[in-house]
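**Student:** Take a look at the following structure, please.
The values are calculated or read from the model by the stated rules, or taken from the named source; none is laboratory data. Please read these numbers as outputs of a predicted model, since none were measured by experiment. Note that we place each Cβ from the backbone using ideal geometry, even for glycine, and neighbour counts take in every protein chain shown. The area values use the complete protein model at the heavy-atom level, side chains included, leaving out ligands, DNA and RNA. Shrake-Rupley method; radii C 1.70, N 1.55, O 1.52, S 1.80 Å.
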Amino acid sequence: LAPRGVTMMTGVYVHPTAIVDIARVGAGTRIWAFAHVLAGATIGSNCNIGDHGFVEGGAVIGNNVTLKNHVCVWEGITIEDDACVGPHVAFTNDRYPRSPRMPIVRSRYEGKREWLVPTTVEKCCTIGASATIVAAVPDRRRRGRSPGVRSASAAPSAPSVFGAGPPNVGAMKR
């Protein structure tokens, strides 16, 4: 598959199997095999989008961000500069997701205001492999997460936290 929109991206490497719709992508960014970036996404400079990654329109990725393989970033998700998102991390953008095709909930999805919950991953944050970042759970600063953890729960600034319902076990090095 030939990448689309490449002419608008100076100094960007796009793997031949990646799909890049018209999106804003900064210089020095690398988009690897089978990744898909939709129109309306913004990706900063010097980023790395791993194999099979997906960035939806309306998602914002800062500068110097690494998204490891199989990371999906949905509309309403902002990842600030210098963050590292481990492999298979899942983000959510709807606190009560349902299929919009179900007649009983269809009206909820007629406007984004009814369901879209923005989430920001703050500058220099690290999110470990296979974490699920649940929409509207506050305070994601510099969290190191163990595989399988469901969310980055609120904790003091810059702790290292591991497991479900973790205690603070110390500060991460910048």
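**Student:** Cα-Cα pairs above 23 Å in segment 1-138: how many percent?
**Tutor:** Roughly 32 percent, rounded to a whole number.
**Student:** What accessible area, in Å² to the nearest ten, does a 1.4 Å probe give for Tyr13?
**Tutor:** The value for Tyr13 is about 90 Å².
**Student:** So, one more: DSSP loop GluC sites (Glu not before Pro) in segment 49-111 with at most 16 other Cβ atoms within 10 Å of their Cβ, which ones?
**Tutor:** Passing sites in segment 49-111 are Glu110.
**Student:** Which loop chymotrypsin sites (Phe, Trp or Tyr not before Pro) in segment 26-55, with loop taken from DSSP, have no more than 15 other Cβ atoms within 10 angstrom of their Cβ?
**Tutor:** Answer in residue order: no site qualifies.
**Student:** Among Tyr96, Thr66, Cys124, which residue has its Cα furthest toward the positive end of the charge dipole of segment 56-127, with +1 on Lys/Arg Cβ and -1 on Asp/Glu Cβ?
**Tutor:** Tyr96
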